[in-house]
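*Asks:* Mind having a look at this structure? Questions to follow.
The values are calculated or read from the model by the stated rules, or taken from the named source; none is laboratory data. On a predicted model such as this, the values are computed, not experimentally measured, just so you know. In this analysis, Cβ positions are derived from the backbone assuming ideal geometry, glycine residues included, and neighbour counts consider all displayed protein chains.
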Amino acid sequence: AVLVELKDLNKVFVTDEVETKALNNINLSIVAGEYLAITGPSGCGKSTLLSLLGLLDTPSSGQYQLAGHHTASIDKDERARIRNKEIGFIFQSFNLISDLTVAENIALPLTYRTDLSHRQRQQMVLASLEKVDLTHRAGHYPSQLSGGQQQRVAVARAIAGKPAIILADEPTGNLDSNNAEAVMTLLDELHHDGATICMVTHDLASAARSQRIIKVFDGQLIADKPTSDNATIN
Ligand code: ADP
Ligand code: ADP
């Protein structure tokens with residue numbers, strides 16, 4: 001099933017009457033269960049694309065259909081509701097809240113979900129803690145954890161609500177190689193369990209773990225290939 005469909009998507013930023021065309025006529029389909037990596041040089045539009053996919057920002061023109069929702073024409077509240085239900089975010093800098101415990105951080109996005117009971121939320125937090133192997137750290141604060149553990153908490157927060165798609169922005173960018181490997185292994189497992197993952201990275205080793213690599217240059221998609229093809233080209 002097609003989960004994400006972008007049609008002729010454009011994003012223009014205007015600052016001091018200067019226009020920047022950050023995304024230029026993007027067309028992209030993502031099928032449920034795919035694991036894709038978005039790569040490209042700094043300033044090419046990767047973050048803008050991820051913000052649009054994540055319903056954190058709106059396109060200047062074009063269509064974006066996510067899990068059956070036409071998102072281009074909906075209001076802010078509806079966009080937030082779809083975002084909370086359908087999207088899990090993983091950031092480079094973890095973005096945990098320092099005065100909430102591990103379990104509270106994971107529960108936070110779920111508190112915006114009016115479709116879940118208190119008991120369902122509790123069960124989702126426990127299941128995702130178990131998935132990232134941090135049940136024994138549930139009551140700890142982020143500062144009491146290593147960087148690798150903090151990112152695993154962020155992964156648990158992203159998956160707790162069983163989102164349609166996981167969006168990861170340089171998820172290993174702040175980690176040493178051992179912790180990066182642990183997080184990439186976790187993403188491999190999630191993909192194996194059926195998750196749809198879209199990851200921005202300029203780390204070639206991380207991109208190689210995905211199934212499909214999309215290259216962005218100057219706001220345009222310039223390549224879209226199965227990962228195995230890229231391996232033979234590079
Ligand atoms: P990347 O993530 O690939 O580094 P970005 O998506 O951050 O690229 O940026 C793409 C282009 O859009 C760049 O030219 C950047 O300067 C511009 N841009 C991004 N966000 C804004 C913004 N909020 N206001 C103005 N220009 C922006
Ligand atoms: P609004 O003012 O429309 O609520 P916000 O930007 O404050 O917009 O957040 C909207 C939703 O996005 C929140 O309900 C929250 O669940 C989710 N969200 C925002 N930032 C994060 C984050 N760092 N991690 C997880 N979810 C987030």
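*Asks:* Which residues, taken from the range 127-163, are surrounded by 21 or more Cβ atoms within 10 Å (Cβ to Cβ) and within 21 Å of Leu116 (Cβ to Cβ)?
*Replies:* Ser128, Leu129, Val132, Val153, Ala154, Val155, Ala156, Arg157, Ala158, Ile159, Ala160, Gly161
*Asks:* Now for a different question. Evaluate the following for Thr48: is it hydroxyl-bearing (Ser, Thr, Tyr), touching a Lys or Arg at 6+ places or on another chain (Cβ under 7 Å) and within 9 Å of ligand 1 (Cβ to nearest atom)? Give the derivation first.
*Replies:* Details: hydroxyl-bearing (Ser, Thr, Tyr): yes; touching a Lys or Arg at 6+ places or on another chain (Cβ under 7 Å): yes; within 9 Å of ligand 1 (Cβ to nearest atom): yes.
Judged against the criteria, Thr48 is a match.
*Asks:* What residue, of Ser73, Ser42, is within 16 Å of ligand 1 (Cβ to nearest atom), modelled with pLDDT under 95 and assigned to a loop (DSSP other than H, G, I, E, B)?
*Replies:* Ser42
*Asks:* I'd like the full set of residues that are more than 16 Å from ligand 1 (Cβ to nearest atom) and surrounded by fewer than 17 Cβ atoms within 10 Å (Cβ to Cβ), limited to the range 91-103.
*Replies:* Asn95, Ile97, Ser98, Asp99, Leu100
*Asks:* State yes or no: is Gly62 away from ligand 2 (no atom under 16 Å from the Cβ), surrounded by fewer than 18 Cβ atoms within 10 Å (Cβ to Cβ) and farther than 17 Å from Asp218 by Cα?
*Replies:* Here the answer is yes, as Gly62 does meet what is asked.
*Asks:* If you go through the range 27-37 one residue at a time, how many are in a strand (DSSP E or B) and within 18 Å of the chain's Cα centre (by Cα)?
*Replies:* 7
*Asks:* Mind listing whichever residues of the range 136-165 are free of Cβ contacts under 8 Å to residues at least 40 places away in the same chain, outside any loop (DSSP other than H, G, I, E, B) and within 26 Å of Glu86 (Cα to Cα)?
*Replies:* Gly148, Gln149, Arg152
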